[in-house]
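Working notes, beginning with the structure itself.
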Amino acid sequence: LEDFRKKVRPDNNTQSLDIKTEDVMEFYNFATGVLLNDLSSLIKTSNGSSTWRPLITYKNLLRSIENIGTEMSLGLRFYGRGSLTAKNFVSFIEQHKLSQEYMQQSETFATNLKQDLDKVRITKQFQLYTTTFNTLSKKDNVTFLTQAELFKNIFPYFKETVNVMNQLRGITDRIREEIQAKIKDEVWSVDKDYALGILILTVLLFISPIIVMLIRNAVRALQILSVALLTKLRDLKREKKRSEKLIYQM
């Protein structure tokens, strides 16, 4: 991004090798889009984990912050140039609506998040950010009599919008800490099960020779018993024959 910024020329007075501001924004949106889409793919693999809902909330807030940032850059251009192209004006409206939609989606997956976002919505920074959008979205162009008047409008808009983004980043920091805590708990639980499995396997390895010896002794005892039974059976048959012979003689 810094390489792109160094090549940007004021008022888009670009040469053939220079880069327009639109190119920088397009690259930035593409890069963040790839990262956020990759995050979405990773979240899908965590379905069933206790971190799934906080991860969805975290991702939606990140998307909301990114959309607010893009919206702000278009709003600053609107102020600075007095108008936007049709494509940029549509994008300006779209980014604002998406940011609000992602904030509402975040509330769906976190029970206490609505209170935090309501606190952000009632701040003067958010009110100025929303008011500026409502004003710009209803105009085709804006004009200022003096540069001082322009600065009076553009700098507060930039400052307060950045403050709104920082407040949302503070919420994402807390969500990330919650996710890290849940991950630690899950990892500890997995480690505990892993250690228990190793303990059971170790006990079995120590006990298995004893079990083998006991089985061998049991088999040997059964063999001795079977031999003794066979001997007794032969003696019994012999005594039976003698008894029958005596009875016959009697």
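The values are calculated or read from the model by the stated rules, or taken from the named source; none is laboratory data. Note that this is a predicted model, so its numbers are computed, not measured. Don't worry about glycine lacking a Cβ; one is built from the backbone with ideal geometry, like all the others, and counts go over all protein chains shown. To get the accessible areas, we keep the full protein, side chains included, count just its heavy atoms, and leave off ligands, DNA and RNA. Shrake-Rupley method; radii C 1.70, N 1.55, O 1.52, S 1.80 Å.
Measuring against 20 Å, Cα to Cα, the residue pairs 59/182; 119/182; 59/114 contain 119/182 as the ones spanning a longer distance. Here region 20-144 is assigned +1 on the Cβ of each Lys and Arg and -1 on the Cβ of each Asp and Glu. Its dipole about the Cα centre then comes out at about 260 debye. Ranked by solvent-accessible area (1.4 Å probe, protein heavy atoms only, all chains present), the residues 152, 114, 159 order from largest to smallest as 152, 159, 114.
Distance between the modelled labels on residue 22 and residue 206, one decimal in nanometres: 7.5 nm (7 Å Cα→Cβ projection). Applying 0.36 nm per residue to the separation of residue 122 and residue 178 and subtracting their alpha-carbon distance, the gain on full extension is 17.7 nm.
Summing +1 for each Lys or Arg and -1 for each Asp or Glu among the other residues whose beta-carbon sits under 14 angstrom from that of residue 231 gives +2. Solvent-accessible surface of region 155-250, taken per residue with a 1.4 Å probe and all protein chains present: 86 Å². Backbone amide hydrogens, once placed in the peptide plane, bring residue 83 within less than 5 Å of 142, excluding anything fewer than 5 places away on its chain. Taking 36, 128 and ordering them by how much accessible surface each has at a 1.4 Å probe, largest first, produces 128, 36.
To put it simply, the accessible area of region 51-118 at a 1.4 Å probe is 53 percent carbon and sulfur. Subtracting the Cα-Cα distance of residue 235 and residue 35 from 0.36 nm times their residue separation leaves 63.1 nm of extension gain. Ligands, DNA and RNA left out, the 1.4 Å accessible surface of region 177-250 is 70% carbon and sulfur atoms. Surface calculation, 1.4 Å probe, protein heavy atoms: residue 26 sits at approximately 130 Å² accessible.
Is the shape of region 102-175 best called rounded, prolate or oblate, per the rule: a/c under 1.5 gives rounded, else a/b larger than b/c gives prolate, else oblate, with a ≥ b ≥ c the square roots of the Cα gyration tensor eigenvalues? Here region 102-175 falls in the prolate category. Candidate values [x] 85, 20, 15; [y] 33, 19, 19; [z] 29, 25, 16 were compared with semi-axes √(5λ) of the Cα gyration tensor in Å computed on the shown model; the agreeing label is [x]. Remark: spin-label model distance residue 189-residue 115 equals 2.5 nm, labels positioned 7 Å along the Cα→Cβ axis. Ordering 189, 207, 31 by Cα displacement along the dipole of the chain toward the positive end leaves 207 in first place; charges were set at the Cβ atoms of Lys, Arg (+1) and Asp, Glu (-1). The overall shape of region 26-85 is prolate: from the C-alpha gyration tensor, with semi-axes ordered a ≥ b ≥ c, the ratio a/c is 1.5 or greater and a/b exceeds b/c. Listed by chain and number, the lysines whose C-alpha is less than 17 Å from the C-alpha of residue 159, apart from same-chain residues fewer than 8 away, are 124. Residues in region 46-102 average 41 Å² of solvent-accessible surface per residue, probe 1.4 Å, ligands and nucleic acids excluded.
Among residues other than residue 136 with Cβ under 15 Å from its Cβ, the summed charge is +1 (Lys and Arg +1, Asp and Glu -1). With both labels modelled 7 Å from their Cα along Cα-to-Cβ, the residue 224 to residue 140 distance reads 11.2 nm. Report the local net charge at residue 66: Lys and Arg +1, Asp and Glu -1, summed over other residues whose C-beta lies under 12 Å from its C-beta. Value of the local net charge: +2.
Farthest toward the positive end of the dipole of the chain, out of 248, 113, 83, is the Cα of 248, where the dipole comes from beta carbon charges about the Cα centre. Heavy-atom accessible area, probed at 1.4 angstrom with all protein chains present, ranks 136, 39 as 39, 136, highest first.
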